[in-house]
Amino acid sequence: MRFNHALLLKIGLGCLIVSGCVSSLGVSYAQSKNSRENNFHKAAVTVTGAGSSFAAPVYESWGEAAFPHINVHVNYQTIGSSAGQDQVMEGTIDFGASDKPMDEAGLKKAALYQFPTVMSGVVVIVNVPHIVKGTLQLDGPTLAGIYDGTITKWNDASILALNPGLKLPDDDIVPIHRADGSGTSYVFTSYLSQLSSEWKKQIGAGTLVEWPGGAGARGNDGIAALVKQTEGSIGYVEFSYATGNHLDVAKLKNHDGVFIAPTLESLSAASQAADWQNSPNFTVNLLDQAGPNAWPIVSATYALIPQKNINTAEGKGVKSFFQWGLSHGEELNSALGYVGLPHDVKMAILEKWPG
């Protein structure tokens with residue numbers, strides 16, 4: 001695991017753990033301060049949700065668009081999937097959000113109702129000098145080698161083999177990963193575990209793993225900002241954070257051996273064969289799905305609702321919010337780079353709602 005630690009120091013103090021970097025994505029989906037305050041004062045009820053940064057753009061946009069129709073103010077805090085699960089189990093928020101679904105035992109113990117809300121992809125962003133955007137091609141095993149420190153140069157033979165004719169620099173690779181407990185990390189490391197037996201054996205999948213090296217950043221926006229400012233770097237973010245920040249996104253080799261770019265169509269293609277209805281708590285594996293047009297790193301993001309609060313004002317507000325989003329949020333989803341759930345799955349979620 002031969003990371004160049006001297007190079008990592010050049011990233012700069014305060015940026016190894018990025019928490020406050022500004023992302024241009026915020027302009028496209030976040031409410032203005034005045035809008036949020038106006039909604040707060042006018043609302044019949046305020047509900048608080050917290051968790052996944054993967055889901056944040058959607059929930060922010062749903063909340064603003066739904067307010068005139070449901071009179072519910074949604075205060076969503078981006079704190080990461082792990083913290084979102086912790087807070088909803090502690091009862092300090094009205095709903096949690098996580099890209100890593102909880103298992104049946106955990107849901108029963110905490111008395112939570114879990115369901116998916118939207119789907120999107122995790123994409124690989126790079127900052128490689130002197131190459132045309134969108135031309136770099138990678139695959140799962142090579143990504144695993146980059147993140148475990150066995151591949152350290154952009155002109156490594158394994159990368160060149162995937163990119164015939166592309167002139168890559170003899171520069172060190174700076175892998176950037178999440179420093180906080182993250183559902184995006186869970187999805188990404190699950191993909192690496194599925195494609196690389198060595199990664200699965202040595203590191204595995206999780207919201208917070210022991211990264212062999214590289215630099216850490218908090219949140220999808222933190223990774224996007226750090227990759228944007230660091231030559232030679234590579235990172236992973238939810239699709240909308242890459243498009244919103246105009247970052248260079250690598251093509252990935254999918255299950256059918258096709259190098260494909262992430263688009264709404266390729267994200268949607270990965271979910272075509274998913275058996276949502278017969279999966280416990282609607283949890284399905286959308287990674288490395290078959291199909292020539294399928295993006296290989298796709299996941300749903302999940303909401304967690306405390307069943308004890310179902311009949312409170314806040315519990316009813318949460319239901320109104322998600323009912324509106326599932327029924328009317330499709331246009332917003334697409335504009336932000338997300339894929340909505342199949343109609344029958346949305347109906348099943350509402351039919352199975354507790355209470």
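Limited to segment 174-204, what total is found for residues that are outside any helix (DSSP H, G or I) and over 26 Å from G232 (Cβ atoms)?
We begin by selecting, within segment 174-204, every residue outside any helix (DSSP H, G or I); these are 174-182, 196, 203-204.
Within this subset, residues satisfying the condition of being over 26 Å from G232 (Cβ atoms) are 181, 204.
Counting residues in segment 174-204 that are outside any helix (DSSP H, G or I) and over 26 Å from G232 (Cβ atoms) gives 2.
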**Residue within segment 248-265 that is crowded, with 21+ Cβ neighbours inside 10 Å, of a type in the set (S, T, Y) and within 27 Å of T78 (Cβ to Cβ) present** = no
**Prompt:** Given segment 16-77, what helices (runs of 4 or more DSSP H) lie entirely inside it while holding 2 or more residues that are at pLDDT 55 or above and closer than 26 Å to F115 by Cα?
**Reply:** 56-70
**Asked** Is it the case that segment 260-278 has a residue that's small (G, A, S) and at positive phi?
**Response** no
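When you look at I131, is it modelled with pLDDT of 95 or more, of a type in the set (V, I, T) and in a loop (DSSP other than H, G, I, E, B), yes or no? Reasoning before the result, please.
On the way: modelled with pLDDT of 95 or more: yes; of a type in the set (V, I, T): yes; in a loop (DSSP other than H, G, I, E, B): yes.
When the stated conditions are applied, I131 passes them.
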**Asked** Within the bounds of segment 248-260, is there any residue that is among the hydrophobic types (A, V, I, L, M, F, W, C), more than 17 Å from the chain's Cα centre (by Cα) and within 19 Å of G340 (Cα to Cα)?
**Response** no
**Prompt:** For the subset of segment 170-226 comprising residues that are free of Cβ contacts under 8 Å to residues at least 24 places away in the same chain and of a type in the set (S, T, Y), which member is surrounded by the fewest Cβ atoms within 10 Å (Cβ to Cβ)?
**Reply:** S197
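Check segment 312-322 and report whether any residue there is touching a His at 6+ places or on another chain (Cβ under 6 Å) and surrounded by fewer than 18 Cβ atoms within 10 Å (Cβ to Cβ). Write out each step before concluding.
Filtering segment 312-322 down to residues touching a His at 6+ places or on another chain (Cβ under 6 Å) leaves none.
Within segment 312-322, not a single residue is touching a His at 6+ places or on another chain (Cβ under 6 Å) and surrounded by fewer than 18 Cβ atoms within 10 Å (Cβ to Cβ).
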**First in segment 143-156 and closer than 16 Å to S197 by Cβ and of a type in the set (A, V, I, L, M), second anywhere and modelled with pLDDT of 95 or more and surrounded by fewer than 17 Cβ atoms within 10 Å (Cβ to Cβ), Cβ under 7 Å, 6 or more apart** = A144/E198
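So is E331 without any contact (Cβ under 8 Å) to a residue 12 or more places away in the chain and assigned to a helix (DSSP H, G or I) or not? It would help to see each step written out before you state the result.
Details: without any contact (Cβ under 8 Å) to a residue 12 or more places away in the chain: yes; assigned to a helix (DSSP H, G or I): yes.
Yes: the conditions hold for E331.
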**Request:** Please specify each residue of segment 229-266 satisfying the condition of being of a type in the set (V, I, T), part of a loop (DSSP other than H, G, I, E, B) and without any contact (Cβ under 8 Å) to a residue 40 or more places away in the chain.
**Result:** V258, T263
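Report, by residue number, each residue of segment 215-263 that is of a type in the set (D, E, K, R), within 24 Å of S196 (Cβ to Cβ) and at pLDDT below 95. Even if it seems obvious, please write down each step before you answer.
Going through segment 215-263, the residues of a type in the set (D, E, K, R) turn out to be 218, 221, 228, 231, 238, 248, 251, 253, 256.
Applying the additional criterion that residues be within 24 Å of S196 (Cβ to Cβ) yields 238, 248, 251, 253, 256.
Within segment 215-263, E238 is the sole residue that qualifies.
Filter segment 88-104 for residues that are over 19 Å from Y236 (Cα atoms) and crowded, with 21+ Cβ neighbours inside 10 Å and give the result.
To start, the set of residues in segment 88-104 that are over 19 Å from Y236 (Cα atoms) comprises 88-97, 101-104.
Of everything in segment 88-104, those that are over 19 Å from Y236 (Cα atoms) and crowded, with 21+ Cβ neighbours inside 10 Å turn out to be V88, I93, D94, F95, G96, A97, P101, M102.
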**Request:** Kindly indicate whether any position in segment 311-321 is modelled with pLDDT of 95 or more and in a loop (DSSP other than H, G, I, E, B).
**Result:** yes
**Fill in**
So, first residue free of Cβ contacts under 8 Å to residues at least 24 places away in the same chain in segment 307-318, second residue of a type outside the set (S, T, Y), Cβ within less than 9 Å, six or more apart or across chains; the pairs are T312/D94
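Hey, could you check segment 277-300 for residues that are part of a helix (DSSP H, G or I) and of a type outside the set (A, V, I, L, M, F, W, C) and say which is nearest to the chain's Cα centre (by Cα)? Steps first, answer last, please.
To start, the set of residues in segment 277-300 that are part of a helix (DSSP H, G or I) comprises 280-282.
Imposing the further condition that a residue be of a type outside the set (A, V, I, L, M, F, W, C) reduces the set to 280-281.
On the way: P280: 21, N281: 19 Å.
Only one residue fits best here, namely N281.
The values are calculated or read from the model by the stated rules, or taken from the named source; none is laboratory data. Note that this is a predicted model, so its numbers are computed, not measured. Positions of Cβ are generated from backbone atoms using ideal geometry, with glycine treated the same way; all protein chains shown enter the neighbour counts.
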